[in-house]
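Enquirer: Structure below; questions to follow.
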Amino acid sequence: MKNLLKTCKSAGAEREPKSATPGKTAKDKCSFTVDNAFNVTSWGPPMEKLSHKKDEAVIGQKIDKIFPFLHDEAALVFSLGKRRRLKNYQNGCFMGTSLRGDIQLIPHKERNGKVKEVSVQLHNITGQCPLDKKMSDSEKMIAIGKIASSLAHGVRNPLNAIKGAVVYLREKYGHEATLLEFSTIINEEIDKLDSFISNFLSASRGELRFSTLNINGILKSILAMVKPRADMQKIKLLHRFAVLPLITADAFQIEQALFNMVTNAMEAMPDGGAINIKTSMRWESNDDFIFIEISDTGKGIPEGTLNRLGELSGDSEKNDRGFGIFLSREVIKSHNGKLLWESVRERGTTFKIFLPVKQSGK
C-alpha cells in the first residue's frame, strides 16, 4: 500500500501534458477512463491495487457504482469540455475504504471538439485502506495457522512415542506399585495434552466446536490455574461474578482467550498488584451479552502502543502481549462478540469483553 501511495503521489506531482491520446492512461498513475455513457473503459494496475478489484470486474461498470459522487462531475466535463479538479476529495463508498486525495477529470476530445472520454486521475492519496489491512492480517493468520499446525503435529509424534513406552513399562513392570501409580499419572497427562493438541489444531483451522458453556465456571477454573503464579508475584486475585445464563460457544477457544487476557494482566504487574474480574449482563444492539471486565493495577499502556494494540504488525509481533490480544480479539469476533480496552498511565488497564448469549444460526 505504501508503494502504491508513493506512486499515486508522484503521479500527482507531474504536470499533465496539454494533449492526451483518447482511450489511454499512463500505467504508472492511479487513473481510469469513462466513456460518454459513464461506463468505465480502462482500469490500470495501480487502480487494481488500490481497490483490490481486477480490471475485468470494473470495466463496463457505471462510474456511480465505484465513485457515487463523480457522476455529476464527469457529466460537467462531458458537457463543458473543460477540466475539473477536486481538492481533498473523500469517497467513503470507494470499495469500503476511507481514502482521501485530489482528483482531476480531463476530457479527451474528438476532432470535432466533442468529448469522447474523460480520464479520472487520483493524486496525493492519503489514508489507510481497511481492506488492505484486513487482507494483510488474514495472510498473517494463515501463516500462523500453518506454523501452529506443524508445531502441534511435531509435539504429538513424541507424545505417541512416550505413551507407547509407558504402555510397555506397565505391561512388563505392572506389579510394581510405584511404577504403576506414576505411569498412570503420565498416561493421564499425555491424554490431556493429546486432547489439547486436537483442540488447538481445530482452532488453527478456524473450526468452531459449539457447546453450552458456563462463563463463570471457566473464569473460576482460570483463577485456580494462575493462583500459584499470582502468589509468587504477590498479585491479589479479586472477582465478583453475577448470575449468568449459559451461552453457546467453543469451549477451548473461549477458555484460551480469557486465560490469555488474565495472564497478560499478570505480566503487566511483575512487582505485584491486583487483578479484578467482574461479570454481568449487558443489553447491546437489541441483544443480551455477557459482559466480562478484566482489570489490572499495572503501569498502564503508553498511548502510542494503545492505539496499535490488537494489530498484527510491527511491535505487536515482537510483543507477546500485543500478539495475545490480537488472537483473543479474533476468537471473540468469531463468536460475534467484541473486545474493548482502556488504559490509564500508572493506574492500570481494563479489558471489556462482550459475548452474545445467543449465537446467530445456533
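The values are calculated or read from the model by the stated rules, or taken from the named source; none is laboratory data. Remember, predicted model here, so these are calculated numbers, not experimental data. In this analysis, Cβ positions are derived from the backbone assuming ideal geometry, glycine residues included, and neighbour counts consider all displayed protein chains. For accessibility, only protein heavy atoms count, side chains too; no ligands or nucleic acids. Shrake-Rupley method; radii C 1.70, N 1.55, O 1.52, S 1.80 Å.
Enquirer: Within the set of pairs 6+ apart or on separate chains, which have a first residue in the stretch 55-82 that is at pLDDT below 85 and open to solvent by 80 Å² or more (accessible area, probe 1.4 Å), a second that is among the small types (Gly, Ala, Ser) and outside any loop (DSSP other than H, G, I, E, B), and C-beta atoms under 6 Å apart?
Expert: Pairs that qualify, where the first residue is at pLDDT below 85 and open to solvent by 80 Å² or more (accessible area, probe 1.4 Å) and the partner is among the small types (Gly, Ala, Ser) and outside any loop (DSSP other than H, G, I, E, B): there are none.
Enquirer: I've got another one for you. Here are some conditions: (1) in contact with a strand residue (DSSP E or B) (Cβ under 7 Å, 6 or more places away or on another chain); (2) open to solvent by 50 Å² or more (accessible area, probe 1.4 Å). Ala265 meets all but one. Which one does it not meet?
Expert: Ala265 satisfies every listed condition except (2).
Enquirer: Tell me the residue from Thr248, Thr279 that is surrounded by fewer than 17 Cβ atoms within 10 Å (Cβ to Cβ) and within 19 Å of Asn336 (Cα to Cα), please.
Expert: After applying the criteria, what remains is Thr248.
A quick yes/no check of all residues on (1) modelled with pLDDT of 95 or more; (2) within 21 Å of the chain's Cα centre (by Cα); (3) among the basic types (Lys, Arg):
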residue	(1), (2), (3)
Gly273	yes, no, no
Thr279	yes, no, no
Asp288	no, no, no
Lys299	no, no, yes
Thr305	no, yes, no
Gly310	no, yes, no
Asp320	no, yes, no
Phe323	no, yes, no
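Enquirer: Right, here's the next one. Does the stretch 113-122 include one or more residues that are over 30 Å from Lys278 (Cα atoms) and either open to solvent by 80 Å² or more (accessible area, probe 1.4 Å) or at pLDDT below 85 (or both)?
Expert: The answer is yes; a qualifying residue exists.
Enquirer: Regarding the stretch 153-175, can at least one residue be identified that is under 22 Å from His335 (Cβ atoms), in a helix (DSSP H, G or I), of a type in the set (S, T, N, Q) and at pLDDT below 80?
Expert: no
Enquirer: Which residue is nearest to Thr279 (Cα to Cα), if the candidates are limited to the stretch 230-245 and must be in a helix (DSSP H, G or I) and open to solvent by 50 Å² or more (accessible area, probe 1.4 Å)?
Expert: If we take residues in the stretch 230-245 being in a helix (DSSP H, G or I) and open to solvent by 50 Å² or more (accessible area, probe 1.4 Å), then Asp231 is nearest to Thr279 (Cα to Cα).
Enquirer: Continuing with the same structure: So which residues in the stretch 178-194 are under 20 Å from Arg156 (Cβ atoms) and open to solvent by 90 Å² or more (accessible area, probe 1.4 Å), if there are any at all?
Expert: Glu188, Lys192
Enquirer: Residue by residue through the stretch 336-358, note down the ones that are closer than 23 Å to Phe210 by Cβ and over 20 Å from the mean Cα position of the chain (by Cα).
Expert: Answer for the stretch 336-358, where residues must be closer than 23 Å to Phe210 by Cβ and over 20 Å from the mean Cα position of the chain (by Cα): Val357, Lys358.
Enquirer: Return the residues of the stretch 35-58 that are among the hydrophobic types (A, V, I, L, M, F, W, C), within 19 Å of Phe78 (Cα to Cα) and touching a strand residue (DSSP E or B) at 6+ places or on another chain (Cβ under 6 Å); say none if nothing qualifies.
Expert: Within the stretch 35-58, Phe38, Val40 meet the criteria.
Enquirer: Is there any pair linking a residue in the stretch 37-50 that is touching a residue at least 24 places away in the same chain (Cβ under 8 Å) and part of a strand (DSSP E or B) to one that is open to solvent by 40 Å² or more (accessible area, probe 1.4 Å) and among the β-branched types (Val, Ile, Thr), with Cβ under 7 Å and at least six apart or on different chains, and which?
Expert: Listed pairs, sorted by first residue: Val40/Ile59; Thr41/Ile59.
Enquirer: Can you tell me how many residues within the stretch 265-308 are assigned to a helix (DSSP H, G or I) and hydrophobic (A, V, I, L, M, F, W, C)?
Expert: Residues flagged as assigned to a helix (DSSP H, G or I) and hydrophobic (A, V, I, L, M, F, W, C) within the stretch 265-308 amount to 3.
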